[in-house]
Amino acid sequence: MFNFQIIKKSKKSLARIGKIKTPHGEIITPAFLPVATLGVIKGGLTFNEFLSTGVQAQITNSFHFLDLDYIDVIFKAGGLHKFFNFSKPIFTDSGGFQIFSLGRGNEFGLGKIASIFPEEQKKKSKNQLKSLQKRNNLIKKISEEGVWFLSPRNGRLIDLTPEKAFDVQNKLGADFIYVLDVCGTPLDDYFLTQKELEISHQWFNRFIAQYKKIKNIENKQQIFGIIQGGLFDDLRLKSAEFVNNLDVFGIAIGGALGKNKKDMFKILKVINKKIDFNRPHHLLGIGSLSDLENLIKQGIDLFDCVLPTRMARHGMALIKRGFIDIVRKKYQKKFEPIDKDCDCFTCKNYNLAQIYFLFKAKELLAGHLLTIHNLYFFEKVLQNIRNKILSNKI
Ligand SMILES: [Zn+2]
C-alpha cells in the first residue's frame, strides 16, 4: 500500500524526483505540505478548492485536537479524512514542535509566530520579539516518561507520552505519523541538546513499539522518524545513524536548525553524510520560497510551512520576485490580476483592485482568494523545480 520510489536523480546535486504511494493517492516529490492546523487550510478552502491549487497533501497538528479534547470525536467519525471530507494524503505531527513552541520557544520568543532563526528574526522585527519574550514557558515538566504542559487555550494540564502521541495519531488516522521528539531551541547548549536527543531516541523506540502492537497497521499508517541533534555535528550524525536503523518509512529533520540559514545548510550537509537516501526526507517546518531550490539540492523531498497561507491572510500575494502587499494604496485602481501568467482561480476571476477592496472591507473572501493564489503559486514553483530536475537542469 505504501511505497517510496525514486524516479530520477540529479547528476549535479542530491535533488531527486520521487513518488510516494499512499492509500489516499500518490505524492510526487519534492512536495509541499501546507499546514492545516485544525484539519483544514486556514483561509476557508473547500476540498475542491484545495484540489484546484494542485497541492498534493497536507499536514495537520495532532496537538490541537488533543488540546480541544477532540480525538475521540474524530475517531468516531472515522478519522481526519472522513471528518474533514479530505481524500488526499494527510500527515500529522506528534506534538514535539509544541514542546518547543510552548516551552523555551515561547519563553524566548522563538515560537511559531516568530522566525525559528533567532538572528534573522531580530533583523526583521525587534518589537515582535520583545512582546513574545514576555510570554511564559507553558511546559511544566519534561522527563524520560513524557511531557506535561498547560493548555494554551484554557490552562488545563495535559500530558503527552510517546505511547499517547502514537495513540492520538492512530485515532486521527493520517497516512503519515511522526514520532514524539523533544524539539530543542537554537539557544540550547551541547549538554542540553544531548539530553534532548537521548530522551527523543528512547521515545522513538517506545512510539514504534506501540505502533507494532496493531495488526495490519502498515497498510494504513506509516511513520516518520526525526533526526535531532541541534547545531552539533557529532549529535546530528549520531541521531541520523539512530533514525536510519529504525523501522520507519521516512526521515524527518527536526530540532533546532541553527541561528540562521547558513547554520541550517551546514546541518543538512552534516546529516547527508549518514542519512538513508532510499527514504523520503522531510525538513520540518521550513519552506520559504526562496530556499526551496537549494534545500531540494540537499536531498529534501518534503516541506511544510505556514508561510504561504499565513501571508495570504495578511494580504501578501506571492509573485515571481517575492511578494506584494495587496493592501497598499497603489493597488486600489489596478484592474489586472496578481500575476497575469498565473492560472489559479483567483487570477482568472479577480483583479488587484477587487482584492484590495475586499481586504479594506475586511471581507472573508479577501484572505480566501489570496490563499488559493499563494498555494497555487507555491505549487507551480515546485513544479518548475521538478521539471528542472527531470530535464537535468538541477
Ligand atoms: Zn494566481
Please work out which one of (1) assigned to a loop (DSSP other than H, G, I, E, B); (2) modelled with pLDDT of 95 or more; (3) surrounded by fewer than 20 Cβ atoms within 10 Å (Cβ to Cβ); (4) touching a helix residue (DSSP H, G or I) at 6+ places or on another chain (Cβ under 6 Å) is the condition Q210 fails and give its number. (1)
Condition broken by I223, with the remaining ones in (1) under 19 Å from A57 (Cβ atoms); (2) within 17 Å of the chain's Cα centre (by Cα); (3) touching a residue at least 60 places away in the same chain (Cβ under 8 Å) satisfied: (3)
Quick one: how many residues across segment 330-340 are without any contact (Cβ under 8 Å) to a residue 12 or more places away in the chain and away from the ligand (no atom under 15 Å from the Cβ)? 1
Which residues, counting only those in segment 13-33, are buried (at least 22 other Cβ atoms within 10 Å of the Cβ) and more than 15 Å from Q383 (Cα to Cα)? I20, T22
Residue set I300, I389, I296; condition on the phi < 0 side of the Ramachandran plot, assigned to a loop (DSSP other than H, G, I, E, B) and away from the ligand (no atom under 14 Å from the Cβ); output residue I300
Of everything in segment 54-95, what is under 23 Å from K19 (Cα atoms) and assigned to a strand (DSSP E or B)? Give them in sequence order. Q58, I59, T60, I90, F91, T92, D93
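May I ask you to verify whether G315 is over 30 Å from N245 (Cβ atoms), more than 12 Å from the ligand (Cβ to nearest atom), touching a residue at least 24 places away in the same chain (Cβ under 8 Å) and in contact with a strand residue (DSSP E or B) (Cβ under 7 Å, 6 or more places away or on another chain)?
Working: over 30 Å from N245 (Cβ atoms): yes; more than 12 Å from the ligand (Cβ to nearest atom): yes; touching a residue at least 24 places away in the same chain (Cβ under 8 Å): yes; in contact with a strand residue (DSSP E or B) (Cβ under 7 Å, 6 or more places away or on another chain): yes.
Criteria met by G315.
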Do we have any residue at all in segment 347-355 that's near the ligand (Cβ under 10 Å from one of its atoms) and either acidic (D, E) or modelled with pLDDT under 95 (or both)? no
Filtering segment 266-287 down to residues that are part of a loop (DSSP other than H, G, I, E, B) and in contact with a strand residue (DSSP E or B) (Cβ under 7 Å, 6 or more places away or on another chain), which residue is farthest from L237 (Cα to Cα)? G287
Of all residues being within 17 Å of G322 (Cβ to Cβ) and free of Cβ contacts under 8 Å to residues at least 12 places away in the same chain in segment 341-389, which is surrounded by the most Cβ atoms within 10 Å (Cβ to Cβ)? Just the residue, please. N384
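The values are calculated or read from the model by the stated rules, or taken from the named source; none is laboratory data. All figures in this text were calculated on a predicted structure; none of them were measured in a lab. Every residue, glycine among them, receives a Cβ derived from its backbone with ideal geometry; neighbour counts consider all protein chains shown.
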